[in-house]
Amino acid sequence: MLTIENLDIGYRSGRATTVVASGIDEELHEGELVCLLGPNGAGKSTLMRTVAGMQEPLGGRVLIDGEDIHAMAARDRAKRLAVVLTERVDGGLLTSHALVGLGRYPHTNWSGRLTEADHDVVSACIARVGAEELEHRYVGDLSDGERQRIMMARALAQEPRMMILDEITAYLDLPRRVETMRLLRRLARDTRQAILISTHDLDLALRAADRVWLLPKGGHLRTGAPEDLVLDGSFEAAFASEGVDFDPERGAFQVHRTTAGVVELEGDGLVRHWTARALEREGLGVWDGEGERPGIRIAITGPSDDAGGGWDLHVGEDVTRHSSIHALAARIRSRTGGT
Amino acid sequence: MTSAALDAAHQATASHAPRDWRTSLRPVIFVALAAAVFGVFVLELAIGAVNIPVGDVIAFLFGGTTEVPAWATILRELRLPRAFTAVMGGAALGAAGLQLQTLFRNPLAGPWALGITAGAQFGVALVVATGSVVGSNLLADLAFVSDLGIVVGAFLGAGAVTAAIAAVSRRVSTITLLVLGLMLGFFAQGMVSVVLHFTTETQGRVFASWNDGSFAGVQWTDFPVLVPFVVIGLVAALATVKPLNALLLGERYAATLGVPVERARMIALVGSVVLAAPVTAYCGPVLFIGLIVPHLARGIMNTSDHRVLMPAAILMGALLGLSADLVVHLPWERHFLHLNAVNALIGAPVVIAVVLRNRQMRTLAV
């Protein structure tokens, strides 16, 4: 549906030309949810804007159903491609219904009057994003998350072939983000639209996207199912220069490096998992049973709320019992702090 | 628990109810506004140094005769052109203010903020200072504002500022544009002081009386110039309600909705000058109306939808223009209030009340 042909992106200022990425050949298909990921400054926004027709490419073309979107009349483009931006919209004294009605812009007459059919489309789009209870409220009264949903309904009201959403989860808390991604997946399936989003939310993108476009610095776009890109090391390579490590097992950035050595951890289940996480924060990895047995051993003796339960920290002959991970970590800190 | 539930239910109805009755009330509000404009129009004609009975005024308006023949002359030659000027001036400034506030997404925008007014002042100051047309006989003539030199000066000054702004408008953001307009305005006002420094006392007085702003003094012979501008400007304003609505989302969103943003911006800019410049030329700088009227229209109609707001702003502008002039017009012995003083005294408290009363407008969102 959307075809990118040998696209060079970047910007011109005066006579100077800055190329951000070049030679991009890519396709987007009906009903597909694609996440654009990449480190800051790699040119995600430039790519999004160029694909959305908001910025001229330096070379190459972007075609939607075979037509060049940069050569298209703005109104025709708006009928095929809808955009949701990061910027906060004030909305003033407009109700959600009236704001979503602005999405009918390319379909209405000179005065922008909505017909009955237009009103039906507007209400249906509001229902599609699950915002029926917001329909007659003023946009100025909505929370960020609610407003974001209304802006998505407005994009839907254009009845486009594809939607482009830039960093839409940026201002949302975690439950709203998960909800938004779920909603986007459903929209892609139900409306058969192609949806392209850019996000910093690696974890969510890896779980929700049908495909990932990965744009590292230097501008060679890699694409594939998220799992393919994890397995072939593209993620690690893309983010390597950023000073953070991508953990291919978890599909997330590693916040802490395990540099202070390893410890032996006895125990299992959830308690073991979260104990390991706390150790990681202290720079300690968990011994995998191979190689030399480490000098520190932690035995989980039961959930912390049980009487007598806790964490036994064995350092040589020295054993201390701790009733919470907090206390355990504090003890470890006080020991490793000196080294 | 119960009281919380009741509270929530109350809030729910409170947020839904206003929309329902206000929306259905809109036609009524429009009729009431139009009726108020007509009512104040008649009062404006009836009240003055010579009071004319309302019955005679209405009879005159519908082609009849007045009890005293001299009344018909007063109405035809003095009060009618003045009242029409107040209607046109108020409507034009109100519509221009609404266009500019939406375009700049700034509740303080208006013909004054863009430097249009100051440009006109500078033009007039130049004409007054250099023109041989200005003499003591002109000063004696109360209708000095209709002097062609002053009108041309005001037009050229306003036009020059607008041209400068329009020239850069394609290359800079609207916020930058607003700053440029303000700075050009201050610069022009500074130049006005410089120019006035070199004028005689008589010339200074001519400028000062134009600069006070007044709907009086415009004559029928001025209408062939004034009316076409205002009509064209108002039609353009009404014809561009759709892009103005899209611009509520900001220029970037508007572009993605298919609005040719640069063209829409140019139309709104030029349109507001076509409305504001001739009014300023003939009436002097009439302040506040362009700033106040859009807020009043939003407050009454409780929407940002320009399909409702633009006609409301035009009616509201006419009403405010007439009302302010009526106050000026009241038989105050020799001393009379200046139009701009009345505008400020009526307008400022009303806007404060509207803005504080309305939750959305307290954030000063356009």
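One chain, two ends: B:THR200 and B:LEU61. Fully extended at 0.36 nm per residue, the span grows by 45.7 nm beyond their Cα-Cα distance. Estimated from helical segments only, the mean residue ellipticity of chain A at 222 nm is -9500 deg cm²/dmol, where each DSSP H run of four or more residues counts as -39500 (n - 2.57). Here the ratio of the Cα radius of gyration of chain B to 2.2 N^0.38 Å is 1.05. Applied to the stretch A:120-125, the Karplus parametrisation 6.51 cos²θ - 1.76 cosθ + 1.60 on θ = phi - 60° returns per-residue 3J(HN,Hα) values of 5, 4, 4, 5, 5, 5 Hz, with x for Gly and Pro.
Computed 3J(HN,Hα) for the stretch B:266-272, one whole-Hz value per residue from the Karplus formula 6.51 cos²θ - 1.76 cosθ + 1.60 where θ = phi - 60°, is 5, 4, 5, 5, 4, x, 6, glycine and proline marked x.
Highest mean packing comes first when the peptides B:283-294, A:80-91, A:96-107, A:54-65 are listed by Cβ atoms within 10 Å, giving B:283-294, A:96-107, A:80-91, A:54-65. The sum of -39500 (n - 2.57) across all DSSP H runs of n ≥ 4, divided by the residue count of chain B, sets its helix-only mean residue ellipticity at 222 nm to -24500 deg cm²/dmol. For the stretch B:137-266, the Cβ-based charge dipole about the Cα centre amounts to some 720 debye (Lys, Arg positive; Asp, Glu negative; other atoms uncharged). Could you tell me whether the stretch B:165-236 comes out rounded, prolate or oblate from its Cα gyration tensor? Rule is a ≥ b ≥ c as square roots of the eigenvalues, rounded for a/c under 1.5, then prolate if a/b exceeds b/c, otherwise oblate. Judged from the Cα gyration tensor, the stretch B:165-236 comes out oblate (a/c at least 1.5, b/c at or above a/b). In order along the stretch A:149-163, the Karplus-derived 3J(HN,Hα) couplings, from 6.51 cos²θ - 1.76 cosθ + 1.60 at θ = phi - 60°, round to 5, 5, 5, 5, 4, 5, 4, 4, 5, 6, 6, x, 8, 8, 10 Hz, and Gly and Pro are given as x. Working note: Cα gyration tensor of the stretch B:266-328, eigenvalues times five, square-rooted, sorted largest first, giving semi-axes of 20, 17, 8 Å.
For A:VAL83, the residues whose modelled amide H falls within less than 5 Å of its own, excluding neighbours fewer than 5 places apart on the same chain, are A:ILE164. Take B:209-219, B:343-353, B:87-97, B:119-129 and order them by the average number of nearby Cβ atoms within 10 Å per residue, most first; the result is B:87-97, B:119-129, B:209-219, B:343-353.
Taking each residue in A:129-138, count the Cβ atoms of any other chain within 10 Å of its Cβ, then average. What number comes out?
Per residue, the average neighbour count from other chains is 2.
Counting Cβ atoms of other protein chains within 10 Å of each Cβ in A:69-77 and taking the mean gives 2. Note on A:LYS44: lysines with a C-alpha under 26 Å away, same-chain residues under 8 apart excluded, are A:LYS79, A:LYS217. Projecting the Cα positions of B:ALA344, A:LEU47, B:ALA237 onto the charge dipole of the protein assembly as shown (unit charges on Cβ atoms of Lys, Arg, Asp and Glu, taken about the Cα centre) puts B:ALA344 furthest along the positive direction. Local charge for A:ARG321 was computed over the other residues whose Cβ lies under 12 Å away, with Lys and Arg +1 and Asp and Glu -1, and equals -1. Report the local net charge at B:LEU103: Lys and Arg +1, Asp and Glu -1, summed over other residues whose C-beta lies under 10 Å from its C-beta. Residues close to B:LEU103 contribute a combined charge of +1. Annotation: amide H of A:GLY59 within the under-5 Å range of A:ASP8, sequence separation 5 or more or interchain, hydrogens built in the peptide plane. Axis of helix B:306-329 versus longest Cα principal axis of chain B: the two differ by about 40°, to the nearest ten degrees.
Under a point-charge model restricted to the Cβ atoms of Lys and Arg (+1) and Asp and Glu (-1), what is the dipole moment magnitude of the protein assembly as shown relative to its Cα centre, in debye to the nearest 20?
Its charge dipole is roughly 1700 debye.
Quick check on the exposure proxy: order B:MET183, A:MET163, A:MET151 from fewest to most C-beta atoms within 10 angstrom.
Going from least to most buried by this count: B:MET183, A:MET163, A:MET151.
Overall, the ratio between the Cα radius of gyration of the protein assembly as shown and 2.2 N^0.38 Å, rounded to two decimals, is 1.28.
Each peptide in B:30-36, A:315-321, A:177-183 was scored by the mean count of other Cβ atoms within 10 Å over its residues; highest first, the order is A:177-183, B:30-36, A:315-321. Legend: mean number of C-beta atoms from other chains within 10 angstrom of residue C-beta atoms, peptide B:243-255, equals 5.
When only Cα pairs below 8 angstrom with a gap of at least 6 residues are kept, the stretch B:240-346 shows a relative contact order of 25 percent.
Could you tell me the relative contact order of chain B? Use alpha-carbon pairs under 8 Å, at least six residues apart, and round to a whole percent.
29
At an R0 of 56 angstrom, the distance between the Cβ atoms of B:VAL42 and A:GLU27 translates into a FRET efficiency of 0.20. Proximity of backbone amide H atoms, modeled 1.01 Å from N, is registered between A:ILE298 and A:GLU264, A:LEU265, A:GLU266, A:HIS314 at under 5 Å, excluding neighbours fewer than 5 places apart on the same chain. Projecting the Cα atoms of B:MET301, B:ALA281, A:GLY316 onto the charge dipole of the protein assembly as shown, computed from C-beta unit charges around the Cα centre, puts B:ALA281 farthest toward the positive end.
A short reminder: the numbers here are calculations on the coordinates, not readings from a lab. Quick caveat, the model's predicted, so the values are computed rather than measured. Cβ: placed from backbone, ideal geometry, glycine included. Neighbour counts: every protein chain shown.
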